[in-house]
Structure formats: structure tokens, C-alpha cells
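Chemist: This is the structure, below, for whatever I ask next.
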């Protein structure tokens, strides 16, 4: 059986060769632990002592043995460190019995053992499990290596690993193909094949159904949202018909994405030419992935449409508010002038009359005359004060905002009504009041009456809906706004979704966790966290000690200064700047740095090119060199086509 081509030849050579250390790593891995000092001291020859430390250091780094291989720089480092400079640079002799004895000492100390036949079935099952979760063979290989390390096994050779991964990938594919062959009915096959049939023919140009489903719209135009909704409903129908098969396939979302990407990125006729079981598997994965993707896009459109409407209403309200402030400022100025002209003089006259040496009857007559003078002006002033107080009340302010929201509701309804009508809400986790209003909206096909549920609204919002004529547009705007808020807060979730499912759907079911708790802990290598209380107490003690140590050192730290209570600053010491001087020669002094050099530097640090792979994970063709990808990235950023490049 041919093996998969997972790693390139240079990567295979690096995998099967000892790790390359820098100076700090040599000091770390080639330091002899105290538990080995007695065994190391009993070694008879100096050569064996050096070779033992070399083998131990490589094992500590990679949990793997490299028999007969070591780097010359590592050998020179140990010669200087252990005082064995008298050793020659000739190849050291390392007999097989000595190698086996040294390896056994290391394995016993770390509690690690070699993989035996009884362990191979366990690791193969683990590889098959990984193949069901991760389709890319390179990721399966590295995750299998991590599992081998956590299971306290010696990491085997690349050939053993690639053989196991190849068998696991093919076993997983055969399982999926067998489900397709055994469970997929004739009507379901016809339903999938209908995706490959030409739907319309116009002006001799063919538009396949699958082609239109591949390209959803990303804009918020009502027509584009409606087109996406139509595509989602079509896929949802196929998804529901395939539910028994999909459940039996048990495709992980990542696996479904990889299979679906093959359909999305290749020509429809390439998909049609696949073997039956392969074609139906890829089309089923496409239906799963695209159904979830379109539903998430529709929910995103709902959220963006609601937010756009609310933002627009808020902006218009603010503009009206500032305009009214200018008008109110003028009104307030005229009000003050009226007070100074018609009210304050009356008070002055009354005060003078009261202090004058007149009889009470005369005083009352003069006061009555002063009060009745300019009476009409004062009545106008009272009306102005009443209107000004009314306009500045909170109730009036809220009513103005909701009036604007009601006017903008029709544009929102054109985008959001159909989405709310057809999307499948997860009723097990939904808010009861909001769910009742949503059900009413869907049951009555978007028609709202005065008896529509209002429990999801606040008391102030309920008051706005009271009146002779029920404000349907305002009710719908408030309903859409509350639904959007529920989606963001997690009280409204959706089935058949990747982004908007309930939190419980992402977790292991509670009953399954209780019954298989130990199994999951062992599989995740988290046995040490089983009893968390003692662990948390130990971590709290360590954290407290570290805080105390840090606080004690702060007083002696010349770079740390308290400015005032709860405020501090850090300064760079002159010594640190002096130490940095020798490094200046290693940094480029030119003002312009090539984009290819920047991309190469970033790739060395992040290895982002590892994520750029072929659609076919089992493809045997070699990956192009890095500079080809750098050129493509630069050309894409500069909007250069293939002809210009």
C-alpha cells in the first residue's frame, strides 16, 4: 500500500535528525540531572560519558533517540563543559550493547517505554480518531506525536508514523464510504445529483445549481439577502432529507469544511467525475458546510441590518436634539427677556407699595393694578415655560427616538423580516418571552396584531405601543432589536450553525461527562487536574510567594520608581542600553526593507506558509518554494494579475 506524502524531504531529514540547539538550549538540555549523576559516574570511559549526555539531551528535547548521530557543535560544547578537551575530533565509537544500556537507563528514569505490538492498536485507534477530526495528514502526524509523548512512549521514526497515519486516513475514508454506500438511499442520491444538473439556460450560457450555491452575497441589499435566504432554504431542504446519513457520518466541522472546500474550489465537472461514494461524500459535506455557513451569514445580515438602523435612528435623533437645543436656547433667551420686562418690574412695584406709608386698602388697590397690568404677556410666558418643560422631559425625549425608529422600520423590515420568519431557533436555550413573540411572528407569517406578545418589552416600550392605532412598524423594529440583542447575549441561539449555537452545544453533554469523566481526563492528559482543590491551593501558594518575592525586589530595583500612591514608572538603565550596542550591527541600517525580506522574517517566526496547502490533502506533488508564495502575496497586495507578474 503506497504511503502518503506528508512531509517534504528536508522536513523528513530534520525529523529524523537530532534537534539543533542554540547556546541557551545546550546549557538547558545538556545539564545532567542529579538523578543521573550516580549512573553517569559509573560509566567506564570518557567517550561513553560524553555520548550518554548527548543522547540524554536529545531525548529530553524530543523524547526520541538518535543512534549514531550528533552535531559537532554539541560535542564541542560538552568537551568544554565537562573538561574533556583532550578528546580528539575523530568519530566516537558507540557499541550497540552500550547504546541499549544507556537508553534503558534514560527510559527507566523518565518512565518512558518503547512502542510495542500491544501499543500499536491503541495508537492506530488514536490516529483514526484524529483523522475523523482533522483531515490534513500533516496535522494528524504532529498531533499523533504529541499523543505519543503524553502517553510516555518513545517517538518512533518518520516511516512508522507516516505508515500509521496513511492507514488511519484510509480507514477513516473507508468508514465514510461504507456509510455512504449502506445508508444513502436512491432518493437521497438523486437529491445530491440534482446539485450537478443545469438549472437554467440563458443565451447559450449554462448556470449550474451548484455554481450559484457556491457564491453567496455579502452585501446588505434586500435583494441579495433574499437570494441568500432562498439558497439557504434550498440547502436546508436537502440537509433535512440527509439528516440520518449526516448523523451516521459524524463529520467534524473541520472535516466537513475541508471536503466542502474541495467542491467550492474545483470545477463542477470535476466533482461530477468522481467515484460515486466520493462524489456523494463531498456533496454531503458541501451541503453541511454551506447550510451552516449561509445561516451564519443570514444571522450576520440580521445583526448588521438592525445595528445599521439603530445607528441611523440615533444619528438622526442627535441631529434633531442639537437643532432643538439651538431653538430652545433662543426660546430661553426670549423667556428671560420677558421675565425682566413683564415679571420682575411687577415684583419691584409690589415691594415699593408694601414699604410705602399707605393704608392697607390703598396698598391692595395698587398691588391689584400692578398684577393685572401686562396680564396677557405673563399668560404667554406661562405657556412658554410649560412648553419648555414638556420638551425637556425624559418621556418626550424617548418618544422622539422611537418615532424615528418607527419611520425607519420599513427599510429594516425589507431586510430582516424574511430572515426572522424562516430561521430555526434553538428553543431549548431561548428566552421565553422573546421566543413567544418570535413564534407568533413566524406562525402568522410576519403579520402583527394588537394581541401580539409583549412580555419581552420593557414597561416604557409597552407604554409606547398603547393607543388607538397599534404601531405595527414600531413593534417589529423593537422585536428585531431584541432578537439581535438576544443573539449577542446568547439568549437566542440557532441550530445548524457554527457561530451562533448555544454554549452547551460546544461542550461534552453533562450526562456523558459524568459517565466517562475519567476517560476524557486520560485522553486529554489532564489526570493531574482531577482533584482541583488541592491543585488550586498549591497554585495560590506559589502565586503568593512570587508576589512577595517581586514586591521585596522592587525596593532594590533602580529601574522601578514610585511617583505617588498607586502610580509608578519604569526607566531603562544605562547598562541595558550599553549591552544593546553589540547587537546594532545585526540590524539593517537602510531605510527601505524589501517586502520579501519582511515576509520571510514573519514566516520564520510564525510559519504562516504552513497553512497554505493543496485542496487534496493526499496530493503527492511537491509544494512550491517559499519565494513563490512571497511573490504571489506581494502581487495580490499590489493588485497585479498573472500577466503582469
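The values are calculated or read from the model by the stated rules, or taken from the named source; none is laboratory data. Here the structure is a predicted model, which is why all the values come from computation and not from measurement. Heads up, the Cβs are rebuilt from the backbone with ideal geometry, glycines too, and the neighbour counts pull from every protein chain shown.
Chemist: When you scan the range 20-49, how many residues do you find that are in a loop (DSSP other than H, G, I, E, B) and surrounded by fewer than 16 Cβ atoms within 10 Å (Cβ to Cβ)?
Modeler: Start the filter on the range 20-49 by keeping residues that are in a loop (DSSP other than H, G, I, E, B), which leaves 20-22, 30-33, 42-45.
After this cut, where a residue has to be surrounded by fewer than 16 Cβ atoms within 10 Å (Cβ to Cβ) as well, the list is 20, 22, 31, 33, 42, 44-45.
Looking only at that region, the number is 7.
Chemist: Looking at residue 511, is it in contact with a helix residue (DSSP H, G or I) (Cβ under 9 Å, 6 or more places away or on another chain) and modelled with pLDDT of 85 or more?
Modeler: no
Chemist: Name every residue in the range 448-473 that is loosely packed, with under 15 Cβ neighbours inside 10 Å and in contact with a helix residue (DSSP H, G or I) (Cβ under 6 Å, 6 or more places away or on another chain), in order of residue number.
Modeler: Passing the criteria: only 455.
Chemist: Taking only the range 128-176 into account, find how many residues are over 32 Å from the mean Cα position of the chain (by Cα) and surrounded by fewer than 17 Cβ atoms within 10 Å (Cβ to Cβ).
Modeler: 6
Chemist: Look at the range 505-519 and say how many of its residues are surrounded by 10 or more Cβ atoms within 10 Å (Cβ to Cβ) and in a helix (DSSP H, G or I).
Modeler: So the answer is 7.
Chemist: Quick one: is residue 282 surrounded by 14 or more Cβ atoms within 10 Å (Cβ to Cβ), without any contact (Cβ under 8 Å) to a residue 60 or more places away in the chain and outside the structural domain of residue 132 (by TED's automatic domain parsing)?
Modeler: So residue 282 passes the test.
Chemist: So which of 545, 522, 530, 558 is modelled with pLDDT under 80 and either surrounded by fewer than 11 Cβ atoms within 10 Å (Cβ to Cβ) or farther than 30 Å from residue 293 by Cβ (or both)?
Modeler: On the way: 545 fails: modelled with pLDDT under 80; 522 fails: modelled with pLDDT under 80; 530 fails: modelled with pLDDT under 80.
Only one candidate passes the filter, namely 558.
Chemist: Let me ask you something else. Looking at the range 86-111, I want the residues that are within 13 Å of residue 39 (Cβ to Cβ) and in the same structural domain as residue 63 (by TED's automatic domain parsing) and have a partner that is assigned to a loop (DSSP other than H, G, I, E, B) and at pLDDT 80 or above with Cβ atoms under 6 Å, at least 6 apart or on another chain. Which pairs are those?
Modeler: Pairs that qualify, where the first residue is within 13 Å of residue 39 (Cβ to Cβ) and in the same structural domain as residue 63 (by TED's automatic domain parsing) and the partner is assigned to a loop (DSSP other than H, G, I, E, B) and at pLDDT 80 or above, are 103/65.
Chemist: For the structure I just gave you, tell me whether residue 85 is in contact with a helix residue (DSSP H, G or I) (Cβ under 6 Å, 6 or more places away or on another chain), exposed (fewer than 12 other Cβ atoms within 10 Å of the Cβ) and either more than 30 Å from residue 163 (Cα to Cα) or modelled with pLDDT of 80 or more (or both).
Modeler: It is true that residue 85 is in contact with a helix residue (DSSP H, G or I) (Cβ under 6 Å, 6 or more places away or on another chain), exposed (fewer than 12 other Cβ atoms within 10 Å of the Cβ) and either more than 30 Å from residue 163 (Cα to Cα) or modelled with pLDDT of 80 or more (or both).
Chemist: Test residue 433 against the stated conditions and say whether it is outside any loop (DSSP other than H, G, I, E, B), within 20 Å of residue 304 (Cα to Cα) and within 31 Å of the chain's Cα centre (by Cα).
Modeler: Judged against the criteria, residue 433 is not a match.
Chemist: Yes or no: residue 445 over 30 Å from residue 332 (Cβ atoms) and either touching a helix residue (DSSP H, G or I) at 6+ places or on another chain (Cβ under 9 Å) or modelled with pLDDT under 85 (or both)?
Modeler: Yes, satisfied.
Chemist: So which of 432, 477 is at pLDDT 85 or above and closer than 27 Å to residue 314 by Cβ? Lay out the reasoning, then the answer.
Modeler: Working: 432 fails: closer than 27 Å to residue 314 by Cβ.
On inspection, the qualifying residue turns out to be 477.
Chemist: If you don't mind, another one. Taking the options 277, 319, 360, name whichever one is farther than 30 Å from residue 407 by Cβ and without any contact (Cβ under 8 Å) to a residue 12 or more places away in the chain.
Modeler: Of 277, 319, 360, the one residue that is farther than 30 Å from residue 407 by Cβ and without any contact (Cβ under 8 Å) to a residue 12 or more places away in the chain is 360.
Chemist: Of all residues in the range 308-366 being in contact with a helix residue (DSSP H, G or I) (Cβ under 8 Å, 6 or more places away or on another chain) and outside any helix (DSSP H, G or I), which is surrounded by the fewest Cβ atoms within 10 Å (Cβ to Cβ)?
Modeler: 356
Chemist: Moving on. Could you tell me whether residue 293 is buried (at least 16 other Cβ atoms within 10 Å of the Cβ) and either under 25 Å from the mean Cα position of the chain (by Cα) or closer than 26 Å to residue 487 by Cα (or both)?
Modeler: Yes.
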